[in-house]
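Below is one structure, written out as structure tokens; the observations come after it.
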Amino acid sequence: MSASPRRGCGRTPASSSGSPTPFPGGAAGATVDSRERFYGAVFLGYGLAWIWAARQSPVPSAAVRWLAGIFLLGGFGRLLSMAFHGPPQGFQSVLTVLELALPPVYFWLSAADERAVAARTPQRRTGPAGAGRRDFADTP
């Protein structure tokens with residue numbers, strides 16, 4: 001019986017220097033290291049964009065929709081990977097479910113803060129001065 005290749009993370013073998021490596025089978029190499037560092041910077045920027053949006057008042061619904069859409073695209077990417085390469089490690093499957101389930105909730109909630117602020121703020125009159133209102137001087 002041959003050993004099947006392991007999927008996902010978990011306990012990883014040691015490199016030739018004896019230190020554990022984050023990739024099954026040994027060191028990642030320059031290409032994988034470069035790619036992972038790039039993704040780290042992209043994820044940092046994505047997280048900072050969410051923090052920026054959440055700290056605005058009202059929370060900008062367009063920004064939330066864009067960020068949720070990007071999140072949803074990541075979930076679709078994972079589904080494509082599953083279709084072509086099979087299921088990933090269990091935790092990655094949980095992340096896929098979250099990436100597909102949360103964006104619709106964010107889309108639904110995206111304008112909630114803007115609506116709440118608009119409901120608390122008095123409406124400004126539009127049009128020419130005095131249009132549509134009667135002053136006491138106009139009363140017979």
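Here are some notes:
- The number of residues in region 51-83 that are of a type in the set (S, T, Y) and open to solvent by 60 Å² or more (accessible area, probe 1.4 Å) comes to 1.
- Of everything listed in (1) out of contact with any Ser or Thr (no Cβ under 9 Å at 6 or more places or on another chain); (2) at pLDDT 95 or above, the single unmet condition for L79 is (1).
- Residues being open to solvent by 40 Å² or more (accessible area, probe 1.4 Å) and touching a Gly at 6+ places or on another chain (Cβ under 8 Å) - total across region 86-96: 5
- Every pair of residues 6+ apart whose Cβ atoms lie under 8 Å, when the first sits in region 105-122 and is closer than 16 Å to A53 by Cβ while the second is assigned to a helix (DSSP H, G or I) and among the hydroxyl-bearing types (S, T, Y): S110/S61; A111/S61; D113/S61; E114/S61
- Qualifying residue in region 103-118 (condition: aliphatic (A, V, I, L, M), surrounded by 13 or more Cβ atoms within 10 Å (Cβ to Cβ) and at pLDDT 90 or above): yes
The values are calculated or read from the model by the stated rules, or taken from the named source; none is laboratory data. Computed from a predicted structure; not experimentally measured. All Cβ positions, glycine included, derive from the backbone under ideal geometry; neighbour counts span all protein chains shown. For accessibility, only protein heavy atoms count, side chains too; no ligands or nucleic acids. Shrake-Rupley method; radii C 1.70, N 1.55, O 1.52, S 1.80 Å.
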